[in-house]
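*Asks:* The structure follows.
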Amino acid sequence: MFDKEGFEKYLNDLGLKKITITNHLKNLVKWSNYLDDKEINEENIISILDNLDISNSQRLTLLTTASKYLKYSDLSNQKLLEYMSNVNKNLKKNFKERNKTKKYEYDVKDLKKEMNKFYDEGNKLAYMITYIVMNYHTRNMDLDLYISDKQKNCPNKNDNYLIIRKSDILYIRNKYKTSELYGQKKHQIKNKKFIDSVKSIYESQDEKCMKLFKSFLNPTKFLKRLLPYNLKTSDLCKIHLNENNSLNQASTISTKRGSKLETLNSNYNLKV
């Protein structure tokens, strides 16, 4: 029923990541089972989704694949886009309600204490990652980076970098969720422990341009092991906003992270 090979080529041509393409192809198998011998069109897809006992997040994932497949097949996907918009609105409403009642047993002071503990115990990778997330409120994607003492040593100038300089580290972000909107971000880091951590990690190998993580297929699960109390990057952002719930703090995080204030307010602000 579905043209899997053609769809896979279409997704590759869109420049999507391998894991994203893999997930779309898995969803295509699910749609094969859901539709059975029914015609592939918006009406049948919506009818099936309305009767599935799944969460809105799962529904959105299936919708995204279905919408892309219809576009690949030169079929209308307008009704699906409208359906996706409504699901998104419900998700945002649920996030907002959840954040009103969300409680963390840790505060910023606890996070900083744990971060320094990483350094004292010699876990410089955990210290370095936590420092970046704590100070720049980054998402997972921002931590997929290279380390070098000269950016020209690295083949792709559009990646994320930690460049070791004489008296500081330059953190360059080209690839992050909202990079098309906010462009490249540069941060000059002079923290001595951070500089020492980056140098130690870089000097422990022989590459002129070192990829920090060889594999980044499941960043959430992987990074939780490097962050305080096995929290997620989004948790650390929420804890900061929860502790200092001011427009000034939200604006600072918005600039560093690359997020709209409205997004922080609806998805992250625990005191809405």
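*Asks:* Looking for whichever is under 23 Å from Lys208 (Cα atoms) and among the hydroxyl-bearing types (Ser, Thr, Tyr) here; the options are Tyr83, Tyr106, Tyr131, Tyr146. Which one fits? Break it down stepwise before answering.
*Replies:* Details: Tyr83 fails: under 23 Å from Lys208 (Cα atoms); Tyr106 fails: under 23 Å from Lys208 (Cα atoms); Tyr131 fails: under 23 Å from Lys208 (Cα atoms).
Selected residue: Tyr146, the only one of Tyr83, Tyr106, Tyr131, Tyr146 that is under 23 Å from Lys208 (Cα atoms) and among the hydroxyl-bearing types (Ser, Thr, Tyr).
*Asks:* Can you work out which of the residues in region 122-153 that are charged (D, E, K, R) and over 14 Å from Leu227 (Cα atoms) is surrounded by the fewest Cβ atoms within 10 Å (Cβ to Cβ)? Show your work before the answer.
*Replies:* Our first condition is that a residue be charged (D, E, K, R); within region 122-153, this holds for 124, 139, 142, 144, 149-150, 152.
If we keep only those that are over 14 Å from Leu227 (Cα atoms) too, we end up with 142, 144, 149-150, 152.
On the way: Asp142: 23, Asp144: 15, Asp149: 14, Lys150: 11, Lys152: 9.
Going through the qualifying residues, I end up with Lys152.
*Asks:* Another question, if that's okay. Which residue pairs have Cβ atoms closer than 6 Å, lie 6 or more positions apart in sequence or on different chains, and pair a first residue in region 121-135 that is in the same structural domain as Phe194 (by TED's automatic domain parsing) with a second residue that is aliphatic (A, V, I, L, M) and not in a helix (DSSP H, G or I)?
*Replies:* Every condition considered, the pairs that remain are Ala126/Leu226; Ile129/Leu226; Thr130/Leu227.
*Asks:* Does at least one position in region 159-171 carry a residue that is aromatic (Phe, Trp, Tyr) and in the same structural domain as Lys199 (by TED's automatic domain parsing)? It would help to see each step written out before you state the result.
*Replies:* Taking region 159-171 as the starting set, the residues that turn out to be aromatic (Phe, Trp, Tyr) are 161, 171.
Checking which are in the same structural domain as Lys199 (by TED's automatic domain parsing) leaves us with 161, 171.
There is at least one residue in region 159-171 that is aromatic (Phe, Trp, Tyr) and in the same structural domain as Lys199 (by TED's automatic domain parsing).
*Asks:* Within region 70-78, does at least one residue satisfy the condition of being among the aliphatic types (A, V, I, L, M), touching a helix residue (DSSP H, G or I) at 6+ places or on another chain (Cβ under 6 Å) and under 30 Å from Tyr10 (Cβ atoms)?
*Replies:* For region 70-78, residues among the aliphatic types (A, V, I, L, M), touching a helix residue (DSSP H, G or I) at 6+ places or on another chain (Cβ under 6 Å) and under 30 Å from Tyr10 (Cβ atoms): absent.
*Asks:* Name the residue, out of Cys209, Cys237, that is farther than 18 Å from Ile132 by Cβ and either of a type outside the set (Ser, Thr, Tyr) or outside the structural domain of Ile164 (by TED's automatic domain parsing) (or both). Walk me through it before giving the result.
*Replies:* Numbers: Cys237 fails: farther than 18 Å from Ile132 by Cβ.
Only one candidate qualifies: Cys209.
*Asks:* Here's something else I'd like to know. Filter region 42-91 for residues that are in contact (Cβ under 8 Å) with a residue 24 or more places away in the chain and touching a Ser or Thr at 6+ places or on another chain (Cβ under 8 Å); which is nearest to Gly6 (Cα to Cα)?
*Replies:* Leu70
*Asks:* If we keep just the residues of region 154-178 that are modelled with pLDDT of 90 or more and over 20 Å from the mean Cα position of the chain (by Cα), which is surrounded by the fewest Cβ atoms within 10 Å (Cβ to Cβ)?
*Replies:* Lys166
*Asks:* Given the structure, is Asp13 under 25 Å from the mean Cα position of the chain (by Cα) and of a type in the set (D, E, K, R)? Break it down into steps so the answer makes sense when it comes.
*Replies:* Working: under 25 Å from the mean Cα position of the chain (by Cα): yes; of a type in the set (D, E, K, R): yes.
For Asp13, the condition - under 25 Å from the mean Cα position of the chain (by Cα) and of a type in the set (D, E, K, R) - is met.
*Asks:* Would you mind finding the one in Asn33, Asn23, Asn44, Asn27 that is surrounded by 13 or more Cβ atoms within 10 Å (Cβ to Cβ), of a type outside the set (Gly, Ala, Ser), in the same structural domain as Leu60 (by TED's automatic domain parsing) and farther than 24 Å from Asn218 by Cα? Reasoning before the result, please.
*Replies:* Values: Asn33 fails: surrounded by 13 or more Cβ atoms within 10 Å (Cβ to Cβ); Asn23 fails: farther than 24 Å from Asn218 by Cα; Asn27 fails: farther than 24 Å from Asn218 by Cα.
Just one listed residue meets the conditions, Asn44.
*Asks:* Another question about this same structure. Given Leu125, Leu63, Leu91, which one is closer than 23 Å to Lys221 by Cα, at pLDDT below 95 and within 21 Å of the chain's Cα centre (by Cα)?
*Replies:* Numbers: Leu125 fails: at pLDDT below 95; Leu63 fails: closer than 23 Å to Lys221 by Cα.
Residue meeting the stated conditions: Leu91.
*Asks:* Name the residues in region 166-200 that are small (Gly, Ala, Ser) and more than 22 Å from Lys17 (Cα to Cα), would you?
*Replies:* Those that are small (Gly, Ala, Ser) and more than 22 Å from Lys17 (Cα to Cα): Ser167, Ser197, Ser200.
*Asks:* Sticking with this one: Scan Tyr10, Tyr72, Tyr104 and give me the residue that is within 29 Å of Leu226 (Cα to Cα) and either surrounded by 12 or more Cβ atoms within 10 Å (Cβ to Cβ) or touching a Phe, Trp or Tyr at 6+ places or on another chain (Cβ under 8 Å) (or both).
*Replies:* Tyr104
*Asks:* For region 189-227, which positions are among the polar types (S, T, N, Q) and within 22 Å of the chain's Cα centre (by Cα)? Steps first, answer last, please.
*Replies:* Our first condition is that a residue be among the polar types (S, T, N, Q); within region 189-227, this holds for 191, 197, 200, 204-205, 215, 218, 220.
Passing the criteria: Ser215, Asn218, Thr220.
*Asks:* Which of the residues spanning region 153-168 are among the hydroxyl-bearing types (Ser, Thr, Tyr) and in a loop (DSSP other than H, G, I, E, B)?
*Replies:* Keep residues of region 153-168 that are among the hydroxyl-bearing types (Ser, Thr, Tyr), which gives 161, 167.
Once the filter is applied, which keeps residues that are among the hydroxyl-bearing types (Ser, Thr, Tyr) and in a loop (DSSP other than H, G, I, E, B), region 153-168 yields only Ser167.
*Asks:* Follow-up question, since we're still on this one. Taking region 207-240 on its own, how many of its residues are exposed (fewer than 14 other Cβ atoms within 10 Å of the Cβ) and either of a type in the set (Gly, Ala, Ser) or assigned to a helix (DSSP H, G or I) (or both)?
*Replies:* Total meeting the criteria: 5.
*Asks:* To continue, here is another question. So which of Lys221, Lys214 is within 27 Å of Ile163 (Cβ to Cβ) and modelled with pLDDT of 70 or more?
*Replies:* Only one candidate qualifies: Lys214.
The values are calculated or read from the model by the stated rules, or taken from the named source; none is laboratory data. As the structure is a computational prediction, the values presented were derived from the model and not from experiment. Backbone-built Cβ (ideal geometry, glycine too); neighbour counts: all protein chains shown.
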